[in-house]
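The values are calculated or read from the model by the stated rules, or taken from the named source; none is laboratory data. The shown structure was predicted, so the numbers you read here are calculated from the model rather than taken from an experiment. Heads up, the Cβs are rebuilt from the backbone with ideal geometry, glycines too, and the neighbour counts pull from every protein chain shown. Remember, those area values only see protein heavy atoms, side chains included, never the ligands or the DNA or RNA. Shrake-Rupley method; radii C 1.70, N 1.55, O 1.52, S 1.80 Å.
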Protein chains: 2
Amino acid sequence: MSFAEQARPIERRTLYDELVERVRGLVVEGALQPGEKIPERELCERFGVSRTPLREALKVLASDGLVQLTPNRGATVARLTVEDLEDVFPVMGALEALAGELACHNITDEQIAEIQDVHRKMVACYEARMLPEYFQLNQRIHELILEAAGNRTLSAQYSSLAQRIRRARFMANASDARWKQAVSEHEEIISALESRNGEALASILKLHLNNKFHSVRKWLISQENGTRKG
Amino acid sequence: MSFAEQARPIERRTLYDELVERVRGLVVEGALQPGEKIPERELCERFGVSRTPLREALKVLASDGLVQLTPNRGATVARLTVEDLEDVFPVMGALEALAGELACHNITDEQIAEIQDVHRKMVACYEARMLPEYFQLNQRIHELILEAAGNRTLSAQYSSLAQRIRRARFMANASDARWKQAVSEHEEIISALESRNGEALASILKLHLNNKFHSVRKWLISQENGTRKG
DNA sequence: TAATCGAATTTTGAATACAAAATACACTTT
DNA sequence: AAAGTGTATTTTGTATTCAAAATTCGATTA
């Protein structure tokens, strides 16, 4: 281990930012369902902390759009409405298009190779109809493109939005036909990356996301009509 | 007053979200300078609140990028580096381009008229070389375009970034030549809006922002070289 | 039986308390 | 005088406390 590595500042975390991550995990992974009340006392007990740092974390998550705070009434997991979706997707589209352009400028051969590798694994999961694994690898590819773009602000903004719609995106894994189409779009994404064609990548990413949007939107509408209780 | 207006829920605010706004104001307006330590105790006294809600507010502002929190060492106003700027501007460009496209689809004649009105006032301020007023109206026009786009997520993301660079943007109000150019770019923005030409608006907004970027960047670099103290 | 009321309980927002860490500063020791 | 050391003070992170608001729930009334 080099001096530089050994002598880097000791990472210290506060309870509060540990909790931001943990509670975000509960929300994003769906352990806490949309609309559900966030049980402050219970979480304090489970995490073994007092209310102060937990409440700080909830406020941050609320400003991120994952949690809804109502004065004197506590926190609930934010519900995703069709209107939310219609707002979020175009913004993600613009961000992903930008990511595509930047990535084509900055990406290294190694990074391309890594993405290709993940892509191959993802196709294998598709062929085996292993949806959760497919979904995971799919997300990973988009993360890697973002990373290759080399813009921290872009990554932060994108992933904040991505988290908000993550569960809906997963739940809405629609028809087999759509799944097949998604895989073929991914093929195009990879080849645009390989040829470092920024414009092409931007446009296929946008298209890909737009298709996803329609599928998620359809699912969400069916949900809203199905479960009338708010 | 209609029933709908009269019967809307009574607005209740918590100290915490009042403080988010107030402290954000101090940071954005420059009452607290970049890099400066945020005096927790003093702010508590000035606002007449305890540390709990203030600290909650600081955490939200930190997640927004306006404040930097260092464990056991408290909060400072975030410094804007050239790297930050280089990350933030392209993202704002993408968002503003999207706003332009959406605005052209959705804007009403009344909204166009309002923007034209603000624009005329802005030009008057330019001619009178009233920089602060010009700056204010300039910002207002961009806000109105965002509003016309009718996408809350877009507005939120954009304004979060805009606030981060607001002061630098103001300070960097560069040469008279650039100022003149900026006004003429605004003329083009207005006419693209009038003709509801989304693509044209997107591209002129992007160009406008890019020019601004270079001028802010130049100023920021001169700052960094001038005041060596961190 | 369904709606209404009201006290008991719980939850929430905010202030305060307290221990650990950081900082300031007087005092050595070269 | 400069650098180091140890102690007092302040600041910070977190827990606890407290009052106000919301919720629960049994009793009461229509």
Is it the case, given these coordinates, that residue A:119 is of a type outside the set (D, E, K, R) and surrounded by 14 or more Cβ atoms within 10 Å (Cβ to Cβ)?
yes
If you scan region A:139-159, which residues turn out to be within 14 Å of another protein chain (Cβ to nearest Cβ), open to solvent by less than 20 Å² (accessible area, probe 1.4 Å) and among the small types (Gly, Ala, Ser)?
A:149
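Yes or no, residue by residue, for (1) polar (S, T, N, Q); (2) surrounded by fewer than 20 Cβ atoms within 10 Å (Cβ to Cβ):
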position	(1), (2)
A:166	no, yes
A:178	no, yes
A:196	no, yes
A:205	no, no
A:210	yes, yes
A:213	no, no
A:219	no, yes
A:225	yes, yes
Has region A:79-97 got at least one residue that is open to solvent by 20 Å² or more (accessible area, probe 1.4 Å), within 14 Å of chain B (Cβ to nearest Cβ) and β-branched (Val, Ile, Thr)?
yes
Being open to solvent by less than 60 Å² (accessible area, probe 1.4 Å) and touching a residue at least 12 places away in the same chain (Cβ under 8 Å) is the filter here; which residues of region A:180-192 pass it?
A:182, A:183, A:185, A:186, A:189, A:190, A:192
What's the number of the condition residue A:70 fails, among (1) within 12 Å of chain B (Cβ to nearest Cβ); (2) surrounded by 14 or more Cβ atoms within 10 Å (Cβ to Cβ); (3) of a type in the set (S, T, N, Q)?
(2)
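Matching residues to (1) in contact (Cβ under 8 Å) with a residue 40 or more places away in the chain; (2) in contact with a Phe, Trp or Tyr (Cβ under 9 Å, 6 or more places away or on another chain); (3) assigned by TED's automatic domain parsing to the domain that holds residue A:147:
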| site | (1), (2), (3) |
| --- | --- |
| A:19 | no, yes, no |
| A:36 | yes, no, no |
| A:39 | no, no, no |
| A:47 | no, no, no |
| A:57 | yes, yes, no |
| A:64 | yes, no, no |
| A:67 | yes, no, no |
| A:70 | no, no, no |
| A:113 | no, no, yes |
Do we find that residue A:30 is more than 16 Å from DNA strand C (Cβ to nearest atom) and open to solvent by less than 40 Å² (accessible area, probe 1.4 Å) in this structure?
yes
